[in-house]
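Working notes, structure below.
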Amino acid sequence: MLKRAELQLRTLNIQDNLNKKKNEEIIQKVQQVINSNHGLTICEVAEDAGISKTTFHDILTENLGMHHVAAKFVLCLLSEDQKQNCVYVSKLVDCANADENFLKNIVTGDETWVYSCTVETKDRSSQWISKMSPRPKTVQQVWSNVNIMLTVFFYCKDIIHHEFLPCGQTVNKEYYLNVMKRLREAVR
């Protein structure tokens with residue numbers, strides 16, 4: 001009876017060692033498949049390895065210490081120039097934080113199209129009429145086809161310089177160069 005128990009124990013140990021060896025082979029196979037493609041699903045890898053999904057999941061989490069995460073969504077990946085601009089802007093922010101007068105020295109500008117319209121107010125359209133006369137009619141205000149570009153330069157407290165684009169003038173580098181010269185004179 002004792003010999004029989006010993007024999008069963010040895011058989012169990014041999015089977016256990018074979019199972020461990022087989023498990024190590026399966027773990028290595030799973031690791032190779034995962035390393036070749038991190039984007040595979042549990043079903044795909046389990047099918048490739050010839051094991052159940054539960055066993056595969058246990059191997060990944062317990063034996064290999066891995067977990068599944070989704071990639072962080074970003075609007076776009078930055079180019080090298082964009083990364084350098086970020087560094088430059090962060091340095092400007094550091095300067096602004098260090099010196100309270102830093103932002104007061106920055107001049108910025110903007111352009112906008114100004115559309116003209118002839119506005120006739122209610123007071124202007126009113127008339128004196130007799131009781132028997134019909135009520136006068138007026139046309140609604142209409143936006144004009146005339147539009148003018150306004151360029152404005154300002155800093156934290158006030159507008160420094162503004163000018164309207166002359167009619168018929170083309171916006172090009174010569175125009176902007178002249179605008180910058182006039183701005184420089186206005187700043188002095």
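The values are calculated or read from the model by the stated rules, or taken from the named source; none is laboratory data. Remember, predicted model here, so these are calculated numbers, not experimental data. Glycine gets a Cβ as well: all are built from the backbone with ideal geometry, and neighbour counts include every protein chain shown.
Can you pull out the residues in the range 49-78 that are modelled with pLDDT under 70 and in contact with a Leu (Cβ under 9 Å, 6 or more places away or on another chain)?
68 - this is the single residue of the range 49-78 that is modelled with pLDDT under 70 and in contact with a Leu (Cβ under 9 Å, 6 or more places away or on another chain).
Could you tell me which residue of the range 157-179 is surrounded by the fewest Cβ atoms within 10 Å (Cβ to Cβ), considering only residues that are over 28 Å from residue 101 (Cα atoms) and among the charged types (D, E, K, R)?
Out of the qualifying residues, it is 173.
Of all residues in the range 160-178, how many are out of contact with any strand residue (DSSP E or B) (no Cβ under 6 Å at 6 or more places or on another chain) and not polar (S, T, N, Q)?
Qualifying residue count, the range 160-178: 9.
Being more than 21 Å from residue 160 (Cα to Cα) and of a type in the set (Ser, Thr, Tyr) is the filter here, so list the residues in the range 78-118 that pass it.
Selection gives 79, 88, 90, 115, 116, 118.
Among the residues of the range 114-122, is there at least one that is modelled with pLDDT of 80 or more, in the same structural domain as residue 176 (by TED's automatic domain parsing) and either of a type in the set (S, T, N, Q) or exposed (fewer than 11 other Cβ atoms within 10 Å of the Cβ) (or both)?
As a first pass, look at the range 114-122 and keep what is modelled with pLDDT of 80 or more: 114.
Pick out the ones that are also in the same structural domain as residue 176 (by TED's automatic domain parsing) and you get 114.
Pick out the ones that are also either of a type in the set (S, T, N, Q) or exposed (fewer than 11 other Cβ atoms within 10 Å of the Cβ) (or both) and you get none.
No - not one qualifying residue is present in the range 114-122.
Is it true that some residue in the range 99-106 is of a type in the set (Phe, Trp, Tyr), in a loop (DSSP other than H, G, I, E, B) and at pLDDT 75 or above? Step through it out loud before you land on a result.
Step one: list which residues in the range 99-106 are of a type in the set (Phe, Trp, Tyr), which gives 102.
So of that shortlist, the ones also in a loop (DSSP other than H, G, I, E, B) come out as 102.
Checking the rest, the ones that are also at pLDDT 75 or above come to 102.
Yes, because at least one residue in the range 99-106 is of a type in the set (Phe, Trp, Tyr), in a loop (DSSP other than H, G, I, E, B) and at pLDDT 75 or above.
Of the conditions (1) surrounded by fewer than 10 Cβ atoms within 10 Å (Cβ to Cβ); (2) in a loop (DSSP other than H, G, I, E, B); (3) at pLDDT 75 or above, residue 81 clears all except one; give me its number.
Here residue 81 clears every test but (2).
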